[in-house]
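Everything below concerns the one structure shown next.
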Amino acid sequence: MHRPGRRRAAPYDGTVTRTASAKLALALAWLVTVAVVLVAPAPHAKAQAALPQLSVEFTGLRTTGSAEKQGITLTGRVTNTGAQAAFGVRVVLWRSRDPITEASAFGTVLSGENSPWGVMLDRTADNYFSVTASDESFDPGASAEFTVKGTLADLGFTSSGSVYLMGVQVRGTADASSNYQVLAKARTFYVTAPENRLPLTSIVLLAAAPTKVRPDVFVNESLVGELTGRLDSMVGLAGRPGSSWLVDPALIDEVSDMADGYQVLEGDAARPGTGQAAAQAWLQRFRMLPNDRGARTLFANPDVLGAERNDATDVVERAEDAMTIAELDDLPLLVLPYAGVAAATTAGFVESADPDALLVSDAGRGPVVATSDDDATIVRLAPAATMAGPGDQDGPVQRQQRQYAEAIFGKGLVRLIGTADDASADTAPRWLQRTGLDELLARTPSGSANPTLPAKTTTLSAGRFRQLKAMAGDFARYVDLVPESALATDAPQTLSRMVSAWWIGNQSAGTWISAVDDAVGQSEVNENVTLSASPRVLMSSRTNEFPVTVSNQLAEPIQVRVVFTSDNPQRLTIPASAVITVGPGQNQTVNVRPEATSNGLVNVTAALQTGSGAPVGRTTRIAVEVTDLGMIGWIIVIVSGVVLVAATALRIRQVRRKQKEDQA
């Protein structure tokens, strides 16, 4: 039924719903299309190619020409060290026109803190080298040599006696396009000649790791190989005109000992050495060197920085006591810490040796001959031939040019040559003039030099210095036991060798120390010097004697006495024997006389001592029993005699009485 005033709803036919759904679907489709367009890459876009990995190294740098046409020729090698080819590879010369004039600025560049790369030179035939064309690949593993040149005027190296930075940039592309980028670079120092020549002192080091254990006995034959190899080359370099030399007296001591015959340890035995002729030949060459260009180190060149750190104050004094080689007495004494690394206090630590100079490599830059805070003479050493720069740049050219740069700031250069690498790097441009060690030491020190320890330093361990102290005690006891021993007179030399700086990083030190310990160590002495006696002694008299035997299996005669300690000295004591000498490999018997006051059993400890009372070897226990049986025996004999006489007299009387009765 229809009600007035109320409109009837039209019947639903789905039209409105389908229209809304269509609009919604269209909107969603549009949104998806936009999202796909935004997310999807452009159809023609290319992924950016990774840069090829190239390396560059210098193989040579030389100054050519003279006057206005003076120039630099730099050679090197480019290598593709990556897995991707490069295209259009070219090497371009570059430089920094600003000279490095301050030592502090040089230090920052050297450490890599300051890296002024300069700018490339204009492209010319000399300062530009094309390795491959722009469409030619430089494949992985490929290598190519290059040469670039430039005049000093073009480079801007116009200030004399100055240090500059120069090098090359290697440019190329990954996709043969025109988008050239720097793929590798290298740099080095370059030094322009100063107006006046600077002195260069090359000091050849004659030294080797210790091998001598005791007089005429060596732990191995390694020194023979040194004498016919490295040391043969070094003594030849020391004899060149303009060269100087620094010798370790321990080396001359060992070579001299080898030259007159020696033994080499093999297990528990020894065999004749084979290097006598080599030692004689080398020693003859050494003695031909000019003395005015020579100097000596402390004996065995001990690790003075390690000794200072471990408060081993006797190391320097002992090294001076060990110097008994007359032919070296008049040479200047130069103290050489390991790698030239010293502390600010090291000069004072070695002051007792009265050295002529301390050779250091960690005293900054300045005049090569200077003074420390405590007025010691400091000689600044050039960096080792293995040290390069600037930054992490390394190679023969960088090492050479760094030393030349050091000469500018030091107003000279002092090189220490101990290896073949050092010798090959001992070159000199015309502005460095070779001078002798005598001229260097005669120079008046200028400026101050205070060594500064680097963050990491290498010395012998604290354990080695504890071993040194123990071994010094063993030697003192051995000297007491064998007063006239050859080993005893060689104690300062052997103890100095024990802390030689040559042992730093040397794995053979343990073998050498064991060989020395086998000769004089307390445990070895205790094994070879023994005392033996009967474990039980019966005394039938309070003044009887009994024997004890001393055995010596050492290689030298010993002097000892036998002492006794009684558990009950009120009942029994045994006086000490006199000091006796027992030959090597021999036994000797000593008769001792106990002194008893009553009968009974008393335990006694027998021991050996040196003449000064130091104990030697192991003790032995003896049980002494006192019975006084001798006195009782005499009483029995006397009583028996009295009884026998009385019985005999009585029998005689009886026989005589019987005879009288028979006669009657």
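Just one of (1) at pLDDT 95 or above; (2) more than 30 Å from residue 379 (Cα to Cα) fails for residue 487. It is (1).
Of all the residues in segment 385-398, those that are under 13 Å from residue 191 (Cα atoms) and not polar (S, T, N, Q) number 1.
For residues that are under 30 Å from residue 429 (Cβ atoms) and among the hydroxyl-bearing types (Ser, Thr, Tyr), tally how many sit in segment 152-193.
8
Rundown of residues vs (1) crowded, with 22+ Cβ neighbours inside 10 Å; (2) assigned by TED's automatic domain parsing to the domain that holds residue 224; (3) touching a Cys at 6+ places or on another chain (Cβ under 6 Å); (4) closer than 23 Å to residue 223 by Cβ, yes/no style:
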| position | (1), (2), (3), (4) |
| --- | --- |
| 275 | yes, yes, no, yes |
| 294 | yes, yes, no, yes |
| 309 | no, yes, no, no |
| 342 | yes, yes, no, no |
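Right, residue 204: outside any strand (DSSP E or B), farther than 25 Å from residue 109 by Cβ and of a type outside the set (Asp, Glu) or not? For residue 204, the condition - outside any strand (DSSP E or B), farther than 25 Å from residue 109 by Cβ and of a type outside the set (Asp, Glu) - is not met. Output the qualifying pairs, or none if there are none: Cβ atoms under 6 angstrom, residues six or more apart or on different chains, first residue in segment 247-268 and under 21 Å from residue 290 (Cβ atoms), second residue among the small types (Gly, Ala, Ser) and not in a helix (DSSP H, G or I). Close Cβ pairs (under 6 Å, with a partner that is among the small types (Gly, Ala, Ser) and not in a helix (DSSP H, G or I)) amount to 248/207; 251/207; 251/208. Would it be correct to say that residue 507 is under 31 Å from the mean Cα position of the chain (by Cα) and either polar (S, T, N, Q) or not in a helix (DSSP H, G or I) (or both)? Yes, satisfied.
A quick yes/no check of all residues on (1) surrounded by 14 or more Cβ atoms within 10 Å (Cβ to Cβ); (2) at pLDDT 90 or above; (3) in contact with a Gly (Cβ under 6 Å, 6 or more places away or on another chain):
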{"position": "495", "(1), (2), (3)": "yes, yes, no"}
{"position": "498", "(1), (2), (3)": "yes, yes, no"}
{"position": "502", "(1), (2), (3)": "yes, yes, no"}
{"position": "505", "(1), (2), (3)": "no, no, no"}
{"position": "545", "(1), (2), (3)": "no, no, no"}
{"position": "557", "(1), (2), (3)": "yes, yes, yes"}
{"position": "562", "(1), (2), (3)": "yes, yes, no"}
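Of the set (1) more than 30 Å from residue 208 (Cα to Cα); (2) assigned to a helix (DSSP H, G or I), all apply to residue 516 but (1). Is there a residue being part of a loop (DSSP other than H, G, I, E, B), among the hydroxyl-bearing types (Ser, Thr, Tyr) and out of contact with any His (no Cβ under 6 Å at 6 or more places or on another chain) anywhere in segment 231-241? Scanning segment 231-241 turns up no residue that is part of a loop (DSSP other than H, G, I, E, B), among the hydroxyl-bearing types (Ser, Thr, Tyr) and out of contact with any His (no Cβ under 6 Å at 6 or more places or on another chain). Condition (residue is among the hydrophobic types (A, V, I, L, M, F, W, C), touching a residue at least 24 places away in the same chain (Cβ under 8 Å) and at positive phi) applied to segment 287-304: is it met by at least one residue? Within segment 287-304 (the criterion being among the hydrophobic types (A, V, I, L, M, F, W, C), touching a residue at least 24 places away in the same chain (Cβ under 8 Å) and at positive phi), the answer is yes, since at least one residue qualifies. The helices (runs of 4 or more DSSP H) found entirely in segment 304-403 that carry 1 or more residues being over 30 Å from residue 57 (Cα atoms) and acidic (Asp, Glu) are 304-309, 314-321. The single residue among 219, 255, 235, 247 that is in contact with a Ser or Thr (Cβ under 6 Å, 6 or more places away or on another chain) and either buried (at least 22 other Cβ atoms within 10 Å of the Cβ) or not assigned by TED's automatic domain parsing to the domain that holds residue 514 (or both) turns out to be 219.
The values are calculated or read from the model by the stated rules, or taken from the named source; none is laboratory data. What you see is a predicted model; the values in this text were computed from it and never measured. Glycine gets a Cβ as well: all are built from the backbone with ideal geometry, and neighbour counts include every protein chain shown.
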